[in-house]
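These notes concern the structure reproduced below.
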């Protein structure tokens, strides 16, 4: 029976990065994965959606390029080829991870893991053959799966996993239940391609967990693109009506129905640890998540959990940071990544990127703050790209002047938020962050204008 110092269950961003880090420290490591290397992120989440959005943006820009002198005739989107390109990218990245495992001498065990005891894992392959392994420590990184609430008829709706399997034609219309990150990115993709899109969100605005202005601004931009947006709307049922699927919901105490060729359920994801533990062994849970302490250890010694299966924030880079931190703690090393500064991005158009506190969150916590803002109507790069109303906001402590948060809604926001995160992690003040010279012309130079507005308000 093979013995390892660490067995990682799950080869997503948290699992594979943790395994590679442990291998670099000279540990004997195995990774168990029942599907593709790279997990949800590379195969059914982050990367596939960004690949689709890349394709749809090329189509959209070409089709609507007359105002800049680009004229196209008979342009079409071939959905079979678009989804084939998506698969190609995922497969390249997944194969790359397997190559990294091989180079690091990590054993990649294909199959379904079952924790039979602390330090014992059984792996069952696709043919039903089972092998038992022992280890010093187990790291659970099994991620999450799409949620399906008990709404009558919701089986007629696809999950994001199912939608990403692909379709040989462009839907005439699609109804998206959920106006969060997943729903908005798919709304952007299908709207780019000319599909009739409807978004139904139960809260009072799109992106309800973010700064209010982001959701409101996004709603205006989507509506200009022809997307129908319903907020404060609660889905009551889904039913098949001829060739279409109807979604029945209440909005502002009024019954409404919209029909479309396809329906996507995008109301979030739930931690996934189904069937992971053998009878007689279980860990303490925090509702649906595995409960862990500050060292990522579960209620059973030597069994750890990171990423979506246990974290409050379900993001790939959070899983990666936690996986590396867990390994460092496990082997007595100091980890320097700040877990309190978590950037988040939405790849709509224009992009959205946020980090730290919003003004509302700071006030709710009793923190005195000031907010600086710049709407980018005078930014040359924004004027050229013309993605719609763009802005940057910064939040700072009213007394210490320390930066506490930022909300960017503009082109390439996802590429700029890392620098802002660095400023927050190092407790920089507004004045310190203003010391940097920013290039012209660039989207980033609007950051200086927003910071100057904030500095003026701070006095």
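Of all residues assigned to the stretch 419-442, none qualifies as being under 18 Å from residue 317 (Cα atoms), assigned to a strand (DSSP E or B) and modelled with pLDDT of 95 or more.
Filtering the stretch 313-323 to residues that are surrounded by fewer than 22 Cβ atoms within 10 Å (Cβ to Cβ) and farther than 15 Å from residue 40 by Cα leaves only 313.
Residues in the stretch 341-378 that are assigned to a loop (DSSP other than H, G, I, E, B) and under 17 Å from the mean Cα position of the chain (by Cα): 341, 342, 343, 347, 348, 349, 350, 351. In the set 65, 26, only one residue is modelled with pLDDT of 95 or more and loosely packed, with under 14 Cβ neighbours inside 10 Å; that residue is 26. Kindly indicate the residue of the stretch 219-245 that is farther than 21 Å from residue 348 by Cβ and touching a helix residue (DSSP H, G or I) at 6+ places or on another chain (Cβ under 9 Å) and also surrounded by the fewest Cβ atoms within 10 Å (Cβ to Cβ) among those meeting that condition. If we take residues in the stretch 219-245 being farther than 21 Å from residue 348 by Cβ and touching a helix residue (DSSP H, G or I) at 6+ places or on another chain (Cβ under 9 Å), then 240 is surrounded by the fewest Cβ atoms within 10 Å (Cβ to Cβ). Considering the stretch 182-205, the residues that are out of contact with any strand residue (DSSP E or B) (no Cβ under 7 Å at 6 or more places or on another chain) and in a loop (DSSP other than H, G, I, E, B) include one that is surrounded by the fewest Cβ atoms within 10 Å (Cβ to Cβ), namely 204. Entry remark, the stretch 303-332: residues being part of a loop (DSSP other than H, G, I, E, B) and either in contact with a helix residue (DSSP H, G or I) (Cβ under 8 Å, 6 or more places away or on another chain) or within 12 Å of residue 140 (Cα to Cα) (or both) number 5 in total.
Listed here are the helices (runs of 4 or more DSSP H) enclosed by the stretch 1-112 that have at least 2 residues being over 19 Å from the mean Cα position of the chain (by Cα): 13-24, 46-63, 79-103. When the stretch 273-312 is filtered for residues that are surrounded by fewer than 19 Cβ atoms within 10 Å (Cβ to Cβ), in contact with a strand residue (DSSP E or B) (Cβ under 7 Å, 6 or more places away or on another chain) and within 27 Å of residue 234 (Cα to Cα), the ones remaining, listed by number, are 288, 289.
Residue by residue, here is whether (1) touching a residue at least 40 places away in the same chain (Cβ under 8 Å); (2) farther than 28 Å from residue 189 by Cβ holds:
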| position | (1), (2) |
| --- | --- |
| 347 | yes, no |
| 361 | yes, yes |
| 366 | no, yes |
| 382 | yes, no |
| 389 | yes, no |
| 393 | yes, no |
| 414 | yes, no |
| 417 | yes, no |
| 431 | no, yes |
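Can you say whether residue 261 is at pLDDT 95 or above, over 21 Å from residue 150 (Cα atoms) and assigned by TED's automatic domain parsing to the domain that holds residue 159, as far as the supplied structure shows? The answer is yes for residue 261.
Mind listing just one residue for me: the one in the stretch 96-107 that is crowded, with 17+ Cβ neighbours inside 10 Å and touching a strand residue (DSSP E or B) at 6+ places or on another chain (Cβ under 8 Å) and, of those, nearest to residue 298 (Cα to Cα)? This residue is 106. Within the stretch 130-157, the set of residues being part of a strand (DSSP E or B) and buried (at least 18 other Cβ atoms within 10 Å of the Cβ) comprises 133, 135, 137, 138, 139, 140, 144, 146.
Here residue 127 meets each of (1) touching a strand residue (DSSP E or B) at 6+ places or on another chain (Cβ under 9 Å); (2) part of a loop (DSSP other than H, G, I, E, B); (3) over 28 Å from residue 291 (Cα atoms) with one exception, condition (1).
When the criteria are applied in full, residue 179 fails the requirement of being crowded, with 21+ Cβ neighbours inside 10 Å, touching a residue at least 60 places away in the same chain (Cβ under 8 Å) and under 18 Å from the mean Cα position of the chain (by Cα).
Residues in the stretch 396-412 that are within 23 Å of the chain's Cα centre (by Cα) and not in a loop (DSSP other than H, G, I, E, B): 6 in all.
Looking across the stretch 158-181, just one residue is within 23 Å of residue 61 (Cα to Cα) and part of a helix (DSSP H, G or I), and that is 181.
A quick yes/no check of all residues on (1) surrounded by 16 or more Cβ atoms within 10 Å (Cβ to Cβ); (2) at positive phi:
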{"site": "415", "(1), (2)": "no, no"}
{"site": "429", "(1), (2)": "yes, no"}
{"site": "432", "(1), (2)": "no, no"}
{"site": "440", "(1), (2)": "no, no"}
{"site": "444", "(1), (2)": "yes, no"}
{"site": "449", "(1), (2)": "yes, no"}
{"site": "452", "(1), (2)": "no, no"}
{"site": "456", "(1), (2)": "no, no"}
{"site": "459", "(1), (2)": "no, yes"}
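The values are calculated or read from the model by the stated rules, or taken from the named source; none is laboratory data. Small disclaimer: the values here were computed from a predicted structure and weren't measured. Because the Cβ atoms are built from the backbone with ideal geometry, glycine has one as well, and the counts that use them run over all protein chains shown.
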